[in-house]
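Quick notes on the structure that follows.
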Amino acid sequence: MNMRTISFLSASLRPSLIALAAAAALAGCAVGPAYQRPTAPEPAAWKELQGWVPAAPADALERGPWWTLFGDPQLNELAASVEVSNQNVAAAVAAYTQARALVTEQRASLFPSLTLNGSGTRSGTRGGGSGNATVDANGNIIGGSSEGGSVRNAYRLSLGTSWEPDVWGRLRAGVTAASASAQASAADLASARLSAQGEVASDYLQLRAIDAQRALLATTIEGYQRELRILQNRYNVGIIPHSDVYQGETQLASAQSDDLSLARQRAQLEHAIAVLVGKTPADLAIAPMPNWQVTVPEVPVGVPSTLLQRRPDIAAAERRVAAANEQIGIARSAYFPNIGLSASLGTSSSKVSDLFNVSSAAWSFGLSAAQTLFDAGATRARVEGARAAHEEAVARYRQTVLDAFADVEDQLAATRVLSQQQDLQRRASEAADKVEQQVMNRYNAGQVSYTEVVQAQITALNARRNLVTTQSTRQTTAVALVQALGGGWHAD
């Protein structure tokens, strides 16, 4: 394109550029309501925080992965693998990526679109006829003779642009709504990650508690087997009745059955952990740890106001309120006319070499406006529907906040009560062990029947297992408290 063409186009499009600038100046009027974060009930202090000793340092959850508080290297490895292997987390990552792409798509609507079109045709007529004939790429007429006919070439090249100025803020509201939805999706991703990590930690801790219980049963079964041999020998020499042997066999078989039941539960937990870390059950084996030491960390608990920033589900609900607020403005923009600008520059010629001559150039500029005059209340209904959707989102946000506060209070109460129960269970276990030993001594002295020995042994075993169960429940409650507090996630 030569300089004469450029000068011609510059003069021709000057009015168009002025109109575009005027439309851009109009853009900035927004019809949507200004967003305000909805209020929610917020207590001044935790009700169930009685006797709570703050952990040191108080920001432990912010310095690294929260599951490291339990001090278990294998748990650290499993929980960390959730980030890259859990399929629910992977789905949440994909949903977040999709939401971010939608933001980019919505933002693109703020800018003009530019299109380039080109075409070339060749037509001809047959001699002695009045109709057109089809001509192939080589200039041959298909279906008739070219004698006495004519062939014409036509080439066209055009550059067009269109733009919808965001006079009423509808497009910007769409971008803001998409951004809020993307932020909600990011919070959903954090929720999925926290849920999966919490489930892995809970299942793993329960599995280790089963290992501890099976270690108790293994010692108990060994003792029962030894006692059964003694009972059999004493029966053989006529010291005790056969019923004592039967009771010993029953007690041993019951303990062995309990061990098999625990083995089944352990296998199921191991399979569940494998799925959570993105593996098949056959690809994951967690070796037993009979001497596993129970660690119950002191979870740092902040003031209630921090919960609104630390819980990803609360953040997601609040962002959905913001997105619903923008939909009100989008619906209200239908009360105002749609304004569009378009411009095009094109050339046409029978020769390709003449396409860029000034004499063959043509331009156009258009300004359009459309206003709905009557729609039987459809626009008003859409606005009312958007407002109702916003009110629904606000109600769901407040309900999420209430549920979150209740969740924390539940776990705080459980933490305090379980700590007291553990002390009582330990005392009960120690007392039951002493009773078991005394009854056994009295049986050996012939003062009581073997039935009393069996009862004492069952009581002692149950007390030991209850102590392990309480310790395990304290651990899983600590995991639940971490989740209720939002883990190490922040809304920022």
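The values are calculated or read from the model by the stated rules, or taken from the named source; none is laboratory data. Remember, predicted model here, so these are calculated numbers, not experimental data. Cβ atoms come from the backbone with ideal geometry, glycine included; neighbour counts cover every protein chain shown.
Key figures for this structure:
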quantity	calculated
Which numbered condition Ser12 fails, given (1) modelled with pLDDT under 60; (2) under 26 Å from the mean Cα position of the chain (by Cα); (3) small (Gly, Ala, Ser)	(2)
Pick from the stretch 393-439, criterion closer than 16 Å to Ala45 by Cα and crowded, with 20+ Cβ neighbours inside 10 Å, ranking: farthest from the chain's Cα centre (by Cα)	Leu412
Asp72 vs. criteria among the charged types (D, E, K, R) and at pLDDT below 85	no
Residues located in the stretch 364-395, provided they are assigned to a strand (DSSP E or B) and hydrophobic (A, V, I, L, M, F, W, C)	Phe365, Leu367, Ala369, Ala370
Some residue of the stretch 367-381 being aromatic (Phe, Trp, Tyr) and under 29 Å from Ala331 (Cα atoms)	yes
Count - residues of the stretch 442-464 that are small (Gly, Ala, Ser) and within 18 Å of Leu424 (Cα to Cα)	2
Subset of the stretch 167-215 (residues that are within 30 Å of Ile339 (Cβ to Cβ) and touching a Leu at 6+ places or on another chain (Cβ under 6 Å))	Val167, Leu171, Ala178
Qualifying residue in the stretch 447-458 (condition: in a helix (DSSP H, G or I) and in contact with a Leu (Cβ under 6 Å, 6 or more places away or on another chain))	no
